[in-house]
Amino acid sequence: MNSLRPIQKRALALGINLEALPKHLAIIMDGNGRFATRQGLMRLWGHRQGYQTLKKVLLSSANLGVDYLTVYAFSAENWRRPEDEVSGLMTLIEEAARHELKGLRENNVRVRVIGRTHEVPLGLQEAIREMEETTSLNTGITFTLAINYGGRAEILDAVRGLLAEGADPATVTEETLSGRMYGPDLPDPDLMIRTAGELRWSNFLLWQAAYSELYVTDATWPEFGDEELLKAVVHYQKRTRKFGGLG
Ligand code: FPP
């Protein structure tokens, strides 16, 4: 009992079964802009607050015992935002990648990035490469950042890859296609959390989330914390996952 971490003790107190946690948690971190605007501040300030939340949620997820955390940092559609917000986000993600390198290493986090990363600024591409390389042998939580990611684009890229190789349609299976996704070795998410209340998928992990349980909270991403995280897990454990069967 004493070897339990504080967040695990809190989880137990809420009735959470630590043996049945979601192995892979995916998060749509929405509401940074609204959080900032409500306080009369710039949207980019909201994104900075969101970055602080992300650090905390990553550590909490790891300490709780989640094996994979995947977050939507920048969607393929986010380029449509005003130029200063786009460049501000790119700079923030690059700064974060460089600044957190030491902490990620010390916390045994393995970082992965999924998305069309060849289209992001060169400085960010370099920071991504360094972060992935430096942490590739780590054995703790696998933290995947979706950057310039779109679910449809991912499926399209997978199909294009198969066509380019002249794959025989008769031999293409769901497993073949899964193996062509940006993170072929990542398991499908068990639980998908969306903050800031919208009931939408927003093109996130379309292929992989076929049987994920969805949890939506009204809290904006900067307001999200351990209490919300644990609440989502409580809800998750109340669901019966049937995968199309009878459970
Ligand atoms: C959605 O809020 C959030 C994003 C588009 C970006 C998520 C980015 C971060 C959490 C910042 C840091 C990330 C890293 C990896 C350092 P929104 O802008 O759509 O909010 P709104 O719906 O209220 O406008």
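See the values below:
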read-out	value
Overall Cα dimensions of the range 192-232 - principal axes, largest extent first, Å	29, 17, 13
For the range 9-19, Karplus couplings with θ = phi - 60° (6.51, -1.76, 1.60), whole Hz, Gly/Pro x	5, 5, 4, 4, 4, 8, x, 6, 8, 5, 8
Hits among lysines - C-alpha to C-alpha of residue 55 under 16 Å, sequence gap 8 or more where chains match	102
For the range 128-247, projected area of the alpha-carbon convex hull averaged over all directions, nm²	10.3
17 Å Cα-Cα reach of residue 238 towards lysines, excluding residues that sit fewer than 8 places from it in its own chain	23
Principal axis dimensions, largest first and in whole angstrom, of the chain by Cα	56, 49, 37
Cα pair count fraction exceeding 18 Å, expressed as % - the range 83-150	33
Neighbour-count order for 79, 45, fewest beta carbons within 10 angstrom listed first	79, 45
Highest-first arrangement of 63-71, 225-233, 24-32, 36-44, where packing means the average Cβ count within 10 Å	24-32, 63-71, 225-233, 36-44
Kirkwood-type radius of the range 1-143, with distances r between different C-alpha atoms, in Å	16.6
Cα convex hull of the range 2-81 - mean projected area over all directions, nm²	6.8
Aspartates and glutamates with Cα under 20 Å of residue 9, excluding same-chain neighbours fewer than 8 positions away	19, 67, 226, 227, 228
Residue-span extension gain [residue 118 to residue 152] - 0.36 nm each, minus C-alpha spacing	10.5 nm
Cα-projected label distance for residue 99 with residue 59, points at 7 Å along beta-carbon direction, nm	1.4
Per principal axis, descending, Cα span of the range 158-224 in whole Å	48, 18, 18
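FYI, it's all coordinate maths here, none of it is from the lab. The shown structure was predicted, so the numbers you read here are calculated from the model rather than taken from an experiment. Here the Cβ is made from the backbone with ideal geometry for all residues, glycine too, and neighbour counts use every protein chain on show.
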